[in-house]
Amino acid sequence: SPHTIIVNGELFGGKYTHPNVPKSKQTFLLNGKPKSISAVQTDSFPQYSPNLHFYAFDIKYRLQEKDDAVTLTFDDATSIFERIPGLLYARPIIRGPLDKVTAFDVETFETTLPPLVGMGNFPLKGNWSEGLVVKHSKRGKIGWECKGPTIIKIKCVAFQEISTDRKQGPRVDQMETVRTASIAKTGHQLAEISTVIQDKEQLEAALHLLDHVTVNRLKNVVSKLGSDPFTSETMTPADLASLLAQDALKDFLKEADDNIVVKTTIATRR
C-alpha cells in the first residue's frame, strides 16, 4: 500500500450575488478566538457559491517515504473521486484530439460549478468561466514519455494576464494562433452537455429536446421566414438559432404533462 497519498485541489467560493441567496460568513477558531474566512472569489464573475468548498483535481502517491510523488492519470483519479460521496472534483468539459479541445469556445462558456453546490435554481447571467485547463489523458501513466506540454491553460479574453509594459513590449496570448487554426479546422467546440446538466432527469429531457433540433426543422423555419430577412441581413445567426430553439421547444412541450408551465428564457449554444 502507498506510504503517502496526496489529493491536490483548491478552495473556491465565498461570493454569490443573487437576490434570493443569503450571504454567508464562515469562521474558524484561532487561539480560542473566532476569525473570519475571506472569500476566494471577489470579482463580478465567475461566482460559485456564498460558502467555501473544496474542489479536487488530481491524486499523487508515494510508495516509500523517499520516493518521488507519482501522479495518477485523470481517468484513474476520477474513478476514485466518484466513489467518495459528496466530493467535488474536476469533470471533463470536453475530450478529444488537441485540435478539438483548443477550439473550445471559452469566450461564451459559463461556469458549470454553481449547480454542483446547490445554486442550480439561482443562475447568474453572464457568469463566465475563466477558461479551461487542458491535460493530456496519459499524463501520469507509468512508462509514458512526455514529448511536450501536458498541461495547457486556455483563458477567456476577460481573464488573460496580458499587458503592454513599455519595457517588456506587448505580451500576447501565445495560444491565439493555435486556437485560430483549430477553430478554422473543426469549428467552435462546446462543452459536453452532461457536464453542464448534472441532474439525470434534466439531462435525459435535454437530450430528448435536442432530438427535436434537426436539419428538416431548420429548413421549415427558414421557409416560413422567406428570403427577405436574409437578403436584407436583418436576420442574424443568433436570431435564427433562437427561432429554431423556440420551434423545437414548442413540439417538445406537446409531449410533456399539461400541468407543466415553463417560465424561462431560451439560451442558445452556437
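Between H3 and L210, residue separation times 0.36 nm minus the direct Cα-Cα distance comes to 69.7 nm. Seen against the Cα atoms of the chain and their longest principal axis, helix 215-225 is set at about 50 degrees. Once the Cα atoms of helix 237-254 and of the chain are each reduced to a long axis, what angle between those two axes, in degrees from 0 to 90 to the nearest 10, is obtained? Between helix and principal axis, roughly 90 degrees. Given R0 = 25 Å, the distance between the Cβ atoms of I151 and E107 translates into a calculated FRET efficiency of 0.75. In terms of packing, defined here as the mean over residues of other Cβ atoms within 10 angstrom, the peptides 221-230, 67-76 line up highest first as 67-76, 221-230. Seen from S49, the other residues with C-beta closer than 12 Å to its C-beta sum to a net charge of +2, counting Lys and Arg as +1 and Asp and Glu as -1. The Cα center of the stretch 1-62 and the Cα center of the stretch 64-78 differ in position by 24 Å. Among the listed pairs K60/K147; K141/K185; K66/K155; K138/K200; K155/K250; K138/K185, those whose Cα-Cα separation exceeds 32 Å are K66/K155; K155/K250. Only Lys, Arg, Asp and Glu carry charge here, each on its Cβ (+1 for the first two, -1 for the last two); on that basis the chain has a dipole of about 820 debye about its Cα centre. Listed by chain and number, the lysines whose alpha-carbon sits under 26 Å from that of K25, ignoring those within fewer than 8 places in the same chain, are K15, K33, K35, K125.
A short reminder: the numbers here are calculations on the coordinates, not readings from a lab. Keep in mind that this is a model prediction, so the values were computed, not measured. In this analysis, Cβ positions are derived from the backbone assuming ideal geometry, glycine residues included, and neighbour counts consider all displayed protein chains.
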